[in-house]
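Working notes for the structure below.
The values are calculated or read from the model by the stated rules, or taken from the named source; none is laboratory data. A quick note: this is a predicted structure, and the numbers were derived from the prediction, not measured. Neighbour counts run over all protein chains shown; Cβ positions are idealised from the backbone, glycine included.
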């Protein structure tokens, strides 16, 4: 992602910066509207019908959204019923850097409060504020949020959001540098990618795409599209004076595909990142594994032709 473009919001972990001309271009091309090819299923109520491959995500209604760290004790609960894909993966890197958000650090539209967090809607790039839903308790929903430590969760009021669902999901195997994007049971597209260097690894675990940002050109280091995630580097406190937010994005160095060359971001060949960005909505879940998932052979049955870098 362009480090100059995201000066006020976050710094995805690339190795060089683009020119100032792209600063205005990427901001003006931010994808604030749903793609015409977005196949997510909108729901009019606060309960989405779950299928084996469906993930529910919530979109904020108002200009501010309160996220509670704990479910209020006065709320009667039922046994957890997840409405989002989950992952058994978790980070193997012990956190050595302080929390985000925190006092004294520009946290891109989110601040810590006494009871949890407050998020601004829309985002800095004027995209809707989105969270993956992990559990639905009726009045409240447990969501995965953009914060560090990675995999931080919180509770939001169901009345403060609308919900939708998607059957797209992304899975990355760091051991083989291979990314698969699924639509339901089938592989929509797959490719080898660039991942983080040993000193600045791509974090493991369950994440989601927070928004989609279209660059004005596909010739820069961040390629045609930037897909920020809710995850942060677990070794860098800041990056180029901004937040060390991990993103999946295009690249102008396809020769590095299949190597460890980034500061934590995942670089995708431009032709593939375009296909992904044109289809998957913000809220699409991402699972990052240290080794190849045992389920991959079964999931590729009936898949579409793979896209190659």
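Quick look at the numbers
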quantity: Some residue of region 92-107 being in a loop (DSSP other than H, G, I, E, B), in contact with a strand residue (DSSP E or B) (Cβ under 7 Å, 6 or more places away or on another chain), at pLDDT below 85 and loosely packed, with under 15 Cβ neighbours inside 10 Å; calculated: no
quantity: Sole residue being assigned by TED's automatic domain parsing to the domain that holds residue 96, more than 21 Å from residue 278 (Cβ to Cβ) and in contact (Cβ under 8 Å) with a residue 40 or more places away in the chain, chosen from 157, 126; calculated: 157
quantity: Check on residue 223, in contact with a helix residue (DSSP H, G or I) (Cβ under 9 Å, 6 or more places away or on another chain), free of Cβ contacts under 8 Å to residues at least 40 places away in the same chain and buried (at least 19 other Cβ atoms within 10 Å of the Cβ); calculated: no
quantity: Region 183-193, residues that are surrounded by fewer than 23 Cβ atoms within 10 Å (Cβ to Cβ) and part of a strand (DSSP E or B); calculated: 183, 186, 187, 188, 190, 191, 192
quantity: Residue match in region 165-186 (condition: at positive phi and touching a residue at least 24 places away in the same chain (Cβ under 8 Å)); calculated: yes
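Residue by residue, here is whether (1) in contact with a strand residue (DSSP E or B) (Cβ under 6 Å, 6 or more places away or on another chain); (2) surrounded by fewer than 21 Cβ atoms within 10 Å (Cβ to Cβ) holds:
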site	(1), (2)
170	yes, no
196	yes, no
243	no, no
254	no, yes
